[in-house]
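What follows is one structure encoded as structure tokens, with my remarks underneath.
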Amino acid sequence: MNAHDATAPRPAPPSQEAGDASPARPPRPPKREVHGWVILDKPAGMTSTHAVARVKRAFAAKKAGHAGTLDPLATGCLPIALGEATKTVPFVMDGRKLYRFTVRWGVETDTDDAEGQPVATSDERPAAEAIRALLPRFTGTIEQVPPRFSAIKIAGERAYDLAREGQAVEIAPRTITVHRLALTTATTDEAVFEIECGKGAYVRALARDLGRALGCRGHVVQLRRTEVGPFAEAGLVPLDLIEAEGGPAPTALLPAEAALADLPALAVSRADAGRLRRGQPILLRGRDAPQFDGPVAIRAEGQLIAIADAAAGELVPRRVFNFAR
């Protein structure tokens, strides 16, 4: 009889003495309705997905998501939405993002960061003046080819999965917006930059393209996101305060409407709130009518109830919130 035959008799498990038994894991707390934003200071070496899972577990939350992936190498601002706050994620992702990053010259890698393998090298090193002179070329509305190792889908497959399998990955250029790009410090082998950019920009790809344009090659060795939409570095919460023994720090959870700080706000009556909650539009009356154009955060009796689009004298609900669930 083959040792791997499923019908082969299996030896009885060894008996466990009371003193030898492994301690039982404590039961996980039941999932609960938690609504709000956690602005995590993501540590290096952790994926965004893992970070979301740990925050979700710490709060015992039923639902969670994040507003913009950070590479494992990167640290800093990872906004994580819990519960009804997940409905506001698009408004954060559409906001501007600020990064500080360090580029090491002389080597280009297949991942465009320090985790990859070298694919090109150079003995050239750029002077600070040459770097600054080049930056206007990478500012404004530009075309950028994302890294081969990225989450972009090609024929239904993630680019990084194809790249890891050794397949040729051809990614079409994308139009991105770089609002500001500045050199802060420079040494012979490295340069530190600050960038303010819009949705879809890859800092790793920018470092790669700077290195190619300067004739010296380059890759990112440090990357920190300092701001996403309304969430800035000063408000970041370290993971240890979220996973504290007594539970997350009370200040770690911001209200769901913190994501909507850049939207105009309007208070409505209880009757109008009821219509919006049922998915029905309401009329913009009197002096309110001309001042709104686009999404509006709607409140009633001191609580966020909806995000509505203002058009043609009406407010049409786009997202409706139910914090009592």
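The values are calculated or read from the model by the stated rules, or taken from the named source; none is laboratory data. Note that the structure is predicted; figures quoted are calculated from it, not measured. Positions of Cβ are backbone-derived with ideal geometry, glycine not excepted, and every protein chain shown enters the neighbour counts. Surface accessibility is based on the protein's heavy atoms, side chains included, excluding ligands, DNA and RNA. Shrake-Rupley method; radii C 1.70, N 1.55, O 1.52, S 1.80 Å.
Out of Glu157, Glu170, Glu165, I need the residue that is closer than 17 Å to Glu115 by Cα, at pLDDT below 95 and open to solvent by 50 Å² or more (accessible area, probe 1.4 Å). Which one?
Glu165
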Subject >> Flag for Asp113 being surrounded by fewer than 18 Cβ atoms within 10 Å (Cβ to Cβ) and within 20 Å of the chain's Cα centre (by Cα) >> reply: no
**OP:** For region 99-116, state whether one or more residues are within 21 Å of Ala261 (Cβ to Cβ) and touching an Asp or Glu at 6+ places or on another chain (Cβ under 8 Å).
**Re:** yes
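Each row is one residue, and each column tells you yes or no for (1) of a type in the set (D, E, K, R); (2) open to solvent by less than 40 Å² (accessible area, probe 1.4 Å).
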| site | (1), (2) |
| --- | --- |
| Thr226 | no, yes |
| Ala234 | no, no |
| Glu245 | yes, no |
| Ala249 | no, yes |
| Ala252 | no, yes |
**OP:** Take the residues in region 22-66 that are surrounded by fewer than 19 Cβ atoms within 10 Å (Cβ to Cβ) and at positive phi, then tell me which one is modelled with the lowest pLDDT.
**Re:** Gly45
Original post:
Can you pull out the residues in region 76-88 that are of a type outside the set (Lys, Arg) and open to solvent by 20 Å² or more (accessible area, probe 1.4 Å)?
Top reply: Thr86
**OP:** Only residues in region 311-322 that are aliphatic (A, V, I, L, M) count as the first member; pair them with residues that are open to solvent by 70 Å² or more (accessible area, probe 1.4 Å) and not in a strand (DSSP E or B), Cβ under 9 angstrom, at least 6 apart or cross-chain, and list the lot.
**Re:** Ala311/Asp293; Val320/Arg277; Val320/Arg278
**OP:** Mind counting the residues in region 113-143 that are in a loop (DSSP other than H, G, I, E, B) and over 17 Å from Asp189 (Cβ atoms)?
**Re:** 4
**OP:** Examine region 203-218 for a residue that is within 15 Å of Ala67 (Cα to Cα), of a type in the set (A, V, I, L, M) and under 15 Å from the mean Cα position of the chain (by Cα), and state whether such a residue exists.
**Re:** no
Original post:
Restricting the search to region 191-206, which residues are of a type in the set (D, E, K, R) and either open to solvent by 50 Å² or more (accessible area, probe 1.4 Å) or closer than 8 Å to Val178 by Cβ (or both)?
Top reply: Glu194, Glu196, Lys199
**OP:** Pick out the one residue from Ala306, Ala300, Ala259 that is surrounded by 14 or more Cβ atoms within 10 Å (Cβ to Cβ), in contact with a helix residue (DSSP H, G or I) (Cβ under 6 Å, 6 or more places away or on another chain) and in contact (Cβ under 8 Å) with a residue 40 or more places away in the chain.
**Re:** Ala259
**OP:** Please work out which one of (1) open to solvent by less than 70 Å² (accessible area, probe 1.4 Å); (2) in contact with a Pro (Cβ under 8 Å, 6 or more places away or on another chain) is the condition Gln291 fails and give its number.
**Re:** (1)
**OP:** Output the qualifying pairs, or none if there are none: Cβ atoms under 8 angstrom, residues six or more apart or on different chains, first residue in region 16-43 and among the basic types (Lys, Arg) and assigned to a loop (DSSP other than H, G, I, E, B), second residue open to solvent by 90 Å² or more (accessible area, probe 1.4 Å) and modelled with pLDDT of 60 or more.
**Re:** Arg28/Arg57; Lys31/Lys62
**OP:** Look through Arg204, Arg208 and report the one residue that is charged (D, E, K, R), farther than 27 Å from Ile80 by Cα, assigned to a helix (DSSP H, G or I) and in contact with a Ser or Thr (Cβ under 9 Å, 6 or more places away or on another chain).
**Re:** Arg208
Original post:
What number goes with the only condition from (1) in a loop (DSSP other than H, G, I, E, B); (2) modelled with pLDDT under 95 that Thr188 does not pass?
Top reply: (2)
